[in-house]
Amino acid sequence: MTSSAAPGAPDLAAAPQAPIAPVRRERRSVGSYVFMPIFLALVCAGLYLYVSNQELDTIEQRALNAGNITAALLEHLRLTAISTVLVILIAIPLGVLLTRPFTGSYRGVLLTLANIGQAVPTIGLLALMGVGALSFIDIDIGVTAAIIALVAYAVLPVLRNTMVGLQQVDESILEAGRGMGIGKFGVLSRIELPLSVPIILAGVRTALVINVGTATLAAYINAGGLGRIIVAGLSTNRITVQITGALLTAVLALLIDYLAGIAEDVLRPKGL
Amino acid sequence: MTEQTSTASSAATAPGRTMIKLEGLGKQYPKEPKPAVDNLTLEIPEGEIVILVGPSGCGKTTTMKMINRIIEPTSGRIILDGEDVTKADPDQLRRKIGYVIQQIGLFPHMTIAQNIATVPKLLGWDAKKIDARIDELLQTVSMAPETYRNRYPKQLSGGQRQRVGVARALSGDPAVMLMDEPFGAIDPITRDRLQNEFLRLQAEVRKTIVFVTHDIDEAIKMGDRIAILQEGSRIAQYDTPEQILTAPANDFVADFIGRGASLKRLNLSRVRDIQLSQWPTVQLGEQPSRVLDVLRASDKGFALVLDEQRKPRRWVSAPDLQRDENRPLDQIGLAPEAIVEPQATLNDALNELITANYSVAIVVNASGEYQGIVDIDSITEAIRTMRTDARARARVGLDEDDTVDEAAQVGR
Ligand SMILES: Nc1ncnc2c1ncn2[C@@H]1O[C@H](COP(=O)(O)OP(=O)(O)OP(=O)(O)O)[C@@H](O)[C@H]1O
Ligand SMILES: [Mg+2]
C-alpha cells in the first residue's frame, strides 16, 4: 500500500497519484474579501474603455455588442453549472461508495477510470471533437457532448477529495459514534460527511474552475460559451475580439473561484 | 488461626448480582495464528468497577469491545442483565452501554451540548428533558453549564474533554459503562484528579463499569475487582485489589504487580483502619514543670501541645522548655506538620510523615481535633497484619477445595 498524496489520509489504495485540491485552514481577512471584486471590476472597466475607444468594423461590432456577449456568457455559465452539478451528483456518491469497506476490491479500477478523464485530456477533447462533428446537424448534440467531456474531465478532483475527506476523519470519532449506537447511515450523514465538507468543497471548487476554463473549448463543437468570441476573433483575425473573449473568460474564472471560496468559508462546519 | 481465616474470608466483599456475564467468549481475527481472546468466562457484578489489566496485546481492548459488539465475538455468549445479547441489534444494545475511549472521540463539529445530547436523542427523549440532562451532567463533571454548553471541543483542555467524554457516556443513564484507558492520554497530575473525581462520581451513580488499563497502579486505585489477563485474555487472577496484592495467584501475577506490592497495598488501607499510636499531649498554658513530668513519663521525647479545641499547636521537647523557660508553650519548639484526616490512605500518611518533623503524621478529625499519631511503627504493623490476613485467606482455598492449585503444590 503506497502512501497517498495527502498526509494523514490513509489507504487511497492503488489510486493514481494526482494532487488533492488543498483546503485553506484559516479564515481570510476582510481585505482579501474586498480585493478580488474590486480588481475584477477594474479589469472589466478597463476592457470596456479600451473597446469603446477602438474604431470597430462590422465584424467586430457584430462580435462585441452587448447582446452577443451576454448570450455567450449565459451559455458559458450554463455549461459550467450543468457540468458541475453533474460532477457533484456523480462524484460525491461514488466517493462515498468507494470508501465503504465492501467496495474495497473495485476501488483501484474505478479510480483509474476516473483518472483517465483528467490525466489524458486529449481523449476528452477527441471525443468532444468526434461527437461535435454531428453538432452541425443539431446544436443540442454539441452541448450534450461538451457537458459529457466537461464532466469526465472534472469528476476526478471531486471524487478524490470526497474519498480523502472521508478517509481523513479520525477513526476514534467514528468508533465513538458507533459505540453510542448511531447506525451506519447516521454515522455517514451526521459525522463523516460534515467532517469532510471542507475537503469535498475544495474539490468542488477545483472542478468549477476547471469547468469554467475548459468550457471555452466547447465553442469548437458549436456548443457556445465565451469560447465562441475567442474563436470568432481567431478565425476573422480580429485581435480586439480575441482579447475581449480571453479576458472575459479569465474574469469569469476568477470570479467563480472567488465565490466558491466564500461558499467554502460559509459552509465549513463550525468547530473545525 | 482457623477462626481468623473464616472472618477474613467473609470480610472480603461479597459480589452482588451479576450484571455482565461472558461465557466462553472468543475472538479469532482472520489470518491470525492464535485467537486474541481465548474462551474467556467472566462475571461482572452489578455496581462495581471491574478492571481488565494486563500486558500490551493480551486482548483487553478486544474483550471490552466485544461487550458492546464493536468487535463481534467468534464464539461464546454475552449475557447482559440476564439477557443474551450476543445476537441482539448492536445499535439498540450500544445505546444502553456508556462508552469512553482513550482518544475520547468528541464530535468536533458539534457543541458540548450536542455531543452530550447524542444518545438521549437516539433514545427519543423530548427536548426539555435532554436540556436538563445536559446541565445536570456538566455539573456532575464539575463544568459550569453556562460556560461550556455552547463551546466546541477544540475550545476545551484535554482534561475538560475527558470530562465531557465521561458526561457523554453517562447521558443515556446506562447501567453499564465500558472505559478503555480513559485517563491514558492525560498528564499524571490531571489524571490523578480525574480518577478521584470519577471515584466520587461512581460512589453516587453506582454503574457497572468495565475499565481497561495496562497500569497496575491505576487498577489498584480504581478497581473493586481486578482481572489480570494473560495473552489470549486468559485470566491469571480475578479478585479484589487486596487479594491480588497480598496473595498473587501465580508468578505471572506477582511479576505483573512488580516489586513494592507492600507499598502498593498501602493505597488500600486508610488511616482510620489502623491502630494509632498515642504520643504525650499537653494543654496549651500548662506549667513547664508539668510538661517536663509528662515528657519524663514517656519514651517519645516530644509532646504535642493542644489548644482548647484539641487542635495540635506545637511540638515541644525538654531542651525547648529549658531554653525558653518563660515563653508560652505555643512559641517554643516546632510547628506541627503532616496533618492527615482519617480517610487518608496509609500511602498518603507515609508520604507525609517521611518529610515531617520527628517522622510522624498527626491525625485529626474533620473539625481538626487531635485523634492520634501515625508513625513508621504503625505502618509496619499495618503491613504485617495485612500479610498475615492474606496468608490466612489464601489458605482458605486449600481447606475447602480438593483441586490444589499449582502455587500450593510448589509450596509443599
Ligand atoms: N483488527 C485486528 N486484526 C487482527 N489482529 C488484531 C486486531 N486487533 C487486535 N489484534 C490482535 O489481537 C491481540 C489483542 O489486541 P488488543 O487490542 O485487544 O490488546 P490490548 O490488550 O488492548 O493491548 P494494549 O494494551 O496494547 O491496548 C493483539 O495481539 C493484536 O495484535
Ligand atoms: Mg488496548
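Quick notes on this structure:
- In loop segments of the stretch B:83-152 as defined by DSSP, the trypsin sites (Lys or Arg not before Pro) with at most 13 further C-beta atoms inside 10 Å of their C-beta are B:LYS87.
- In order through the stretch B:63-72: 3J(HN,Hα) via Karplus (6.51 cos²θ - 1.76 cosθ + 1.60), integer Hz, x for Gly, Pro: 4, 4, 6, 6, 5, 9, 6, 5, 10, 7
- Around the amide H of B:ILE339, modelled in the peptide plane, lie the amide H atoms of B:ILE362, all under 5 Å away and 5 or more residues distant in sequence or on another chain.
- Amide N proximity, the stretch B:277-294 versus B:GLU325 label position 7 Å along Cα-to-Cβ, cut-off under 18 Å: B:286-294
- An oblate overall shape is assigned to chain B, the ratio a/c of its alpha-carbon gyration tensor axes (a ≥ b ≥ c) being 1.5 or greater and a/b not exceeding b/c.
- Extended-chain gain in nm, criterion 0.36 nm per residue less alpha-carbon gap, A:ARG100 and A:GLU171: 24.2 nm
- With the simple spin-label model, which puts each label point 7 Å out from Cα in the Cβ direction, the B:ARG234 to B:THR41 separation comes to 1.6 nm.
- Label sites at B:ARG391 and A:GLN61, each approximated as a point 7 angstrom past Cα along Cα to Cβ, lie 12.0 nm apart.
- Folded to 0 to 90 degrees: helix B:112-122 orientation relative to chain B principal axis, Cα: 50 degrees
- The trypsin sites (Lys or Arg not before Pro) of the stretch B:240-312 meeting both criteria, a DSSP state outside H, G, I, E and B (loop) and at most 13 other C-beta atoms within 10 angstrom of the site's C-beta, are B:ARG259.
- Long pairs among B:LYS21/B:LYS207; B:LYS264/B:LYS311; A:LYS184/B:LYS96; B:LYS21/B:LYS121; B:LYS221/B:LYS311, criterion Cα-Cα beyond 20 Å: B:LYS264/B:LYS311; B:LYS21/B:LYS121; B:LYS221/B:LYS311
- Dipole moment magnitude, nearest 20 debye, chain B about Cα centre, only Lys, Arg, Asp, Glu C-beta charged: 1280 debye
- Since only B:ALA127, B:GLY54, B:TYR29 are under comparison, the one whose Cα sits farthest along the positive direction of the charge dipole of the stretch B:27-154, derived from C-beta charges on Lys, Arg, Asp and Glu, is B:TYR29.
- The charge dipole of the stretch B:297-341, taken about its Cα centre with unit charges on the Cβ atoms of Lys, Arg (+1), Asp and Glu (-1) only, comes to about 20 debye.
- Sorting A:LEU159, A:LEU111, A:LEU89 from the fewest to the most surrounding beta carbons within 10 angstrom yields A:LEU89, A:LEU111, A:LEU159.
- Electrostatic dipole magnitude of the stretch A:30-267 [Cβ: Lys, Arg +1; Asp, Glu -1; Cα centre; debye, to 20]: 440 debye
- For the stretch A:181-272, the set of trypsin sites (Lys or Arg not before Pro) satisfying both a DSSP loop assignment and a count of at most 16 other C-beta atoms within 10 Å is given as A:LYS270.
- With 0.36 nm allotted per residue and the present C-alpha distance subtracted, the B:THR281-B:ASP215 stretch has 19.5 nm of extension available.
- Efficiency of FRET from Cβ geometry, B:LEU263 and B:ASP299, R₀ 22 Å, rounded to 0.05: 0.20
Quick note: the coordinates plus some simple rules give every number you see, no bench work behind them. Since the model is a prediction, treat every value here as computed from it, not as a measurement. Ideal geometry is used to build each Cβ from the backbone, glycine not excepted, and the neighbour counts take in all protein chains shown.
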